[in-house]
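Note sheet for the following structure.
The values are calculated or read from the model by the stated rules, or taken from the named source; none is laboratory data. On a predicted model such as this, the values are computed, not experimentally measured, just so you know. Virtual Cβ from ideal backbone geometry, glycine too; neighbours counted across all protein chains shown. When the accessible area is computed, the model is the full protein with side chains, heavy atoms only, and any ligands, DNA or RNA have been set aside. Shrake-Rupley method; radii C 1.70, N 1.55, O 1.52, S 1.80 Å.
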Amino acid sequence: MADVARLAGVSHQTVSRVLNGHPYVQEQTRSRVQAAIDELGYRPNRAARALVTGRSQLIGVVAQNTTLCGPVSLLAAFEQVAVEAGFVVTAHRVDVLDRESITTALERHRDQRVAGIVVIAPTASAHDAVDAVSPGVPLVMVDGDAERSTPLVTVDQVAGAFAATAHLLQAGHRTVWHVSGPPDWFDSAGRIEGWRSALEAVGAEVPPIMSADWSAASGYRAGQVLARMPEVTAIFAANDHLALGILRAMSERGRRVPHDVSVVGFDDVPEAAYFIPPLTTVRPDFAEVARDALDLLITQIDGNPVDEIRRASSPTLVPRDSVRPPSS
């Protein structure tokens, strides 16, 4: 750092301010310091910085070992915002979100003396292990149980499902059928609540739920049943992969989407715009969830009280070609 200061013609303290993103540094000075950093190839010593500041730059994340869009997108978004804020992220992925697996992952992070921990825990089975974590460890849950006292950040699943269902009702459909995700996922429960609330708000019939997992194969099986029911004209699928399976089943039975049946998904996976037809879906703001999670975590790391322990990001409905008014 002293070499950088000499080359840039500034003080050691000014270099420190630039490295820490201090707002009260003139832009010309900041540019000169950055040029010196680039020329010398300087990299901060994170271990030394931790000794000086008393704060580790390492954040631990516990996440499920999965290819599902939601958890994967959340982890990627959090890694990006954490790195931009000067932290290093170490992720421990577990095959099963149960007490034993989560406990092992949390203990490994504590052995690494991380500054704080983020747990992406969309199922009820993960929470018993989190309850056993020492209160002194900064911790944030993502997609967890809203009834717990642990700071929580999530997508507003209820609002997203309400918007998806209302969109189908506004297109003229008398009711909307729902293919849900696994019953032990908080995301599934929130989307069921939003779907049911939208139907009840207009006095529409609430059909029986068809439970599935998150896969296209499961959506295909549910779609085979729904395709045989002529009264089904609108379907809200709990995620886009389920919707993809439903589209395939409808096509095989000769029921055209959207002419005979309208379909809406959830997640806005990158392929959703290229389904046949392009899929109307709900887009969560994973970047906002990640920023909120990091903000709550840093607040705890800095020893400050967390005034708002529940933060919910509002998703956005993305209309495409899979919805139209029911045919006469």
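Using all alpha carbons of the range 225-308, what is the percent of pairwise distances in each 5 Å bin, ordered from the shortest bin to the longest? Per 5 Å bin, starting at zero, the Cα-Cα P(r) for the range 225-308 comes out as 3, 14, 21, 15, 11, 7, 6, 7, 6, 5, 4, 1, 0 percent. Between ARG283 and ASP131, the simple label model (points 7 Å from Cα in the Cβ direction) yields a spacing of 3.9 nm. For the range 150-270, the C-alpha radius of gyration divided by 2.2 N^0.38 Å, with N the number of residues, is 0.99. Relative to the longest principal axis of the Cα atoms of the chain, the long axis of helix 216-227 makes an angle of roughly 20 degrees.
A 1.4 Å probe, protein heavy atoms only, puts the accessible area of ILE209 near 60 Å². Here the spin labels are modelled as points 7 Å beyond Cα on the Cα-Cβ line, and at GLU193 and ARG43 they lie 4.5 nm apart.
Which translational diffusion coefficient, to the nearest whole µm²/s, is obtained for the chain from the Stokes-Einstein equation, given a Kirkwood hydrodynamic radius over C-alpha pairs, 37 °C and 0.692 mPa s? Estimated via Stokes-Einstein, D reaches 150 µm²/s.
Taking amide H as placed 1.01 Å from N in the peptide plane, the amide H of VAL282 sits under 5 Å from that of GLY265, PHE266, ASP267, ASP268, VAL318, each at least 5 places away or on another chain. Going by accessible surface with a 1.4 Å probe and the largest first, LEU139, LEU19 read LEU19, LEU139. Highest mobility in the GNM of the chain, judged by mean-square fluctuation with C-alpha springs under 10 Å and restricted to ALA35, ALA287, ALA272, is found for ALA35.
Taking only Cα atoms and a 10 Å spring cutoff, compute GNM fluctuations for the chain and point out the largest among HIS259, HIS167, HIS127. Maximum among the listed residues: HIS259.
Annotation: ASP3 carries an accessible surface of approximately 90 Å², with a 1.4 Å probe and no ligand, DNA or RNA atoms counted.
Which longest run of the chain has no exposed loop site in it, a site being trypsin sites (Lys or Arg not before Pro) in a DSSP loop with at most 16 other beta carbons within 10 Å, and the site itself not part of the run? Between exposed loop sites, the widest span is 257-328.
Mean sequence separation of contacting Cα pairs (under 8 Å, at least six apart), scaled by the length of the chain, corresponds to a relative contact order of 16 percent. Rolling a 1.4 angstrom probe over the protein heavy atoms with all chains in place gives the chain an accessible area of 48 Å² per residue. Accessible surface of SER215, taken over heavy atoms with a 1.4 Å probe and every protein chain present, rounds to 40 Å².
Legend: calculated FRET efficiency, GLN112 to ASN65, from the Cβ-Cβ distance at R0 = 22 Å, rounded to 0.05, equals 0.70. Residue farthest toward the positive end of the dipole of the chain, with Cβ of Lys/Arg at +1 and Asp/Glu at -1: which of VAL10, ALA63, PRO305? Going by the Cα projections, it comes out as VAL10. Model label sites at VAL306 and ARG148, defined 7 Å from Cα along the beta-carbon direction, differ in position by 1.0 nm. Shown here are the Rg and Dmax of the Cα trace of the range 226-267, at 9.3, 28 Å.
Please report the carbon-and-sulfur percent of the accessible area for the range 131-191; probe 1.4 Å, protein heavy atoms only, DNA, RNA and ligands left out.
55
Comparing mean-square fluctuations of ASN65, ASN239, ASN304 from a GNM of the chain with C-alpha springs under 10 Å, the top value falls on ASN304.
Which percent of the accessible heavy-atom area of the range 226-328 goes to carbon and sulfur, probe 1.4 angstrom? Of the solvent-accessible surface of the range 226-328, carbon and sulfur hold 49 percent. The gain in end-to-end length when the MET1 to ALA217 segment is fully stretched comes to 72.1 nm, 0.36 nm per residue minus the alpha carbon separation. Each Cα pair under 8 Å and six or more residues apart adds its sequence gap; the mean of these over the residue count of the range 68-180 is a relative contact order of 16 percent. Between 0 and 90 degrees, the angle of helix 27-40 with respect to the longest Cα principal axis of the chain falls at about 80 degrees.
Given the -39500 (n - 2.57) contribution per DSSP H run of 4+ residues, what per-residue ellipticity at 222 nm results for the chain, rounded to the nearest 500 deg cm²/dmol?
-13500 deg cm²/dmol
Working from Cα pairs under 8 Å separated by at least six residues, relative contact order for the range 102-168 is 26 percent.
Evaluated with a Cβ-only charge set (Lys, Arg +1; Asp, Glu -1), the range 135-286 carries a dipole of roughly 600 debye about its Cα centre, given to the nearest 20.
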